[in-house]
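Visitor: Would you mind keeping the following structure in view while I ask a few things?
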Amino acid sequence: MAREEVKVTVIREGKSGILGMGAEDAIVEVEPLPETRTDVARTAREVLEELLPLMDLEASVAEAQPFLDVEEEEVAPVALDIEGDDLGILIGRHGQTLSCLQYMVRLIVGHRTGVWAPITIDVEGYKKRRSQSLQDLALRVAEQVRTRRAPITLKPMPAYERRVIHQTLSGDPLVTTQSTGEGEYRRVVVLLRQKR
């Protein structure tokens with residue numbers, strides 16, 4: 001059972017004692033929270049199904065296979081995918097609208113269930129495809145940097161997209177990455193590692 005699925009109450013604090021003498025173990029009570037992953041997933045789905053018609057969108061919500069959310073840097077136990085026609089408006093520029101929707105759903109679900117659970121929302125697999133295309137881009141650019149022996153600067157990206165580039169190339173022995181610029185003009189530079 002995960003930490004976020006239980007309530008821990010400390011009944012008696014432990015004591016370390018002196019040189020191990022007089023030490024006492026702590027006594028805690030652990031009880032499962034009534035809201036489980038299934039309940040959170042059901043509530044998140046219900047919230048999305050309530051919100052979509054309010055946005056004048058005809059779409060369905062399906063439970064998805066959990067995946068690494070490039071924005072949140074984690075695999076959320078609850079993953080939902082919105083499917084329908086003309087849902088680009090839900091994604092927004094660089095996925096910003098989708099990020100806001102995901103955050104709102106997390107807040108509403110947390111308020112309704114009393115449990116803060118990571119929830120990932122995708123629109124027709126956009127996040128998965130975007131993550132994969134960023135990884136592919138990072139590998140292609142790294143190969144060009146190795147071949148040309150010159151740094152390459154990518155176009156400006158949101159923080160979570162830059163993070164994918166950094167993570168993808170973090171183990172490369174020949175190239176490294178760094179961010180440059182300010183605000184929405186921040187970009188990744190891929191360059192050869194300095195020899196030590």
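The values are calculated or read from the model by the stated rules, or taken from the named source; none is laboratory data. Since we're looking at a predicted model, the values are computed, not measured. All Cβ positions, glycine included, derive from the backbone under ideal geometry; neighbour counts span all protein chains shown.
Visitor: Give the residue, chosen from Gln96, Gln102, that is crowded, with 19+ Cβ neighbours inside 10 Å and in a helix (DSSP H, G or I).
Guide: On the way: Gln96 fails: crowded, with 19+ Cβ neighbours inside 10 Å.
Just one listed residue meets the conditions, Gln102.
Visitor: Moving on to the next point. Quick check on my filter: what residues within the stretch 170-181 are closer than 14 Å to Leu154 by Cα and of a type outside the set (Gly, Ala, Ser)?
Guide: Thr176, Thr177, Gln178, Thr180
Visitor: Shifting gears a bit: Starting from residues that are farther than 23 Å from Val78 by Cα and acidic (Asp, Glu), keep the ones in the stretch 15-51 and report whichever is modelled with the lowest pLDDT.
Guide: Residues of the stretch 15-51 farther than 23 Å from Val78 by Cα: 15-30.
Add one more test, that the residue is acidic (Asp, Glu), and what stays is 24-25, 29.
Details: Glu24: 81, Asp25: 81, Glu29: 78.
Per the stated criteria, the residue is Glu29.
Visitor: While we're here: Would you point out the residue of the stretch 148-158, among those that are under 23 Å from Lys127 (Cβ atoms) and surrounded by 10 or more Cβ atoms within 10 Å (Cβ to Cβ), that is modelled with the lowest pLDDT? Can you show your working first?
Guide: Keep residues of the stretch 148-158 that are under 23 Å from Lys127 (Cβ atoms), which gives 154-158.
Applying the additional criterion that residues be surrounded by 10 or more Cβ atoms within 10 Å (Cβ to Cβ) yields 154, 156-158.
Details: Leu154: 96, Pro156: 92, Met157: 88, Pro158: 82.
The selected residue is Pro158.
Visitor: Among the residues of the stretch 172-196 satisfying the criterion of being over 17 Å from Gln135 (Cα atoms) and of a type in the set (D, E, K, R), which is surrounded by the most Cβ atoms within 10 Å (Cβ to Cβ)?
Guide: Only one residue tops the list, namely Arg186.
Visitor: A further question follows. Within the stretch 52-93, count every residue that is surrounded by fewer than 12 Cβ atoms within 10 Å (Cβ to Cβ), on the phi > 0 side of the Ramachandran plot and at pLDDT 85 or above.
Guide: Of the residues in the stretch 52-93, 2 are surrounded by fewer than 12 Cβ atoms within 10 Å (Cβ to Cβ), on the phi > 0 side of the Ramachandran plot and at pLDDT 85 or above.
Conditions (1) over 30 Å from Val40 (Cβ atoms); (2) in the same structural domain as Ser60 (by TED's automatic domain parsing); (3) more than 20 Å from the chain's Cα centre (by Cα); (4) free of Cβ contacts under 8 Å to residues at least 60 places away in the same chain, marked per residue:
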site: Tyr103; (1), (2), (3), (4): no, yes, no, yes
site: Ile119; (1), (2), (3), (4): no, yes, no, no
site: Gln144; (1), (2), (3), (4): yes, no, yes, yes
site: Ala150; (1), (2), (3), (4): yes, no, yes, yes
site: Met157; (1), (2), (3), (4): yes, no, no, no
site: His166; (1), (2), (3), (4): yes, no, no, yes
site: Val175; (1), (2), (3), (4): yes, no, yes, yes
